[in-house]
Amino acid sequence: MTDKQKMTPEEIREKQKKHAKMTLEDKLNQKFLGSNHVMKNQALYGQLGVSSAESVYDECIKSQKANEVRNEVYKERKEEGDSFDVYGEPAIGNYDISVYMLKQIEESKSLLPLGELEGIVKNIASEFDFEVPEELKNYVPAELYQKTQLAKLSGKNEYELSEQEKDALVIYQELLSKAYNRGAALNSAKENSFADLNSLGKKISEKYNPKKENSY
């Protein structure tokens, strides 16, 4: 019997929420999302923002976490291919790593009550000043999506979303989720705004001040 089988449904939900919160608060995850978002929407963030995001993205893709994800994606693809007797080895690129990371972030957003997600959003998007109404703070988007699916599959009115539930879903989709993405993107767009100048400056500095070997 696995640990998951021993846990109660409530314990499983709490574990998922804890992991989701950690995922969304992780700075590297935010950088992955933000830098991808800026480079995908270059006209929106301008040349300086794109230059900064490219530097942030490069930092992310060279990180230990990216290597761990690369290995994980490789393992998943290899197991899938082997199950169909596919010849060869899967090639995992930076695109695959970003898809894996951003998918985890999106899933994590939906697992938190709106009140908790609001707090995380405001930590990375300080100018976002929307307040989730008290009556809606405890709604969990993933549970609302599940209810919507049940309504479609069963055709039963009992699974139709109430007015409050519909409002909660709009708040998640059109406000909190987008504010999280935009906050992460704006942070990536300004984090290394001097990346191009600093790079040139570093080259010149190293030319006239070569690094001395450490002596022990």
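What's the number of the condition Ala66 fails, among (1) more than 20 Å from the chain's Cα centre (by Cα); (2) crowded, with 16+ Cβ neighbours inside 10 Å?
The failed condition is (1).
Return the residue satisfying two criteria in turn: it lies in segment 187-210 and is of a type in the set (A, V, I, L, M) and more than 14 Å from Leu48 (Cβ to Cβ), and of such residues it is modelled with the lowest pLDDT.
Looking at the filtered set, the residue picked out is Leu200.
Taking Glu206, is it free of Cβ contacts under 8 Å to residues at least 60 places away in the same chain and under 30 Å from Glu14 (Cβ atoms)?
no
Would you check which residues across segment 30-52 are of a type in the set (Val, Ile, Thr) and modelled with pLDDT under 95 and list them?
Val50
Among the residues in segment 165-185, are any in contact with a helix residue (DSSP H, G or I) (Cβ under 7 Å, 6 or more places away or on another chain) and modelled with pLDDT under 90?
The answer is no; no qualifying residue exists.
Quick one: how many residues across segment 19-45 are surrounded by 12 or more Cβ atoms within 10 Å (Cβ to Cβ), part of a helix (DSSP H, G or I) and free of Cβ contacts under 8 Å to residues at least 12 places away in the same chain?
Number of matching residues: 3.
The values are calculated or read from the model by the stated rules, or taken from the named source; none is laboratory data. None of these values were measured; they are calculated from a predicted model. Counting neighbours? That spans all protein chains shown, and the Cβs are built from the backbone with ideal geometry, glycine included.
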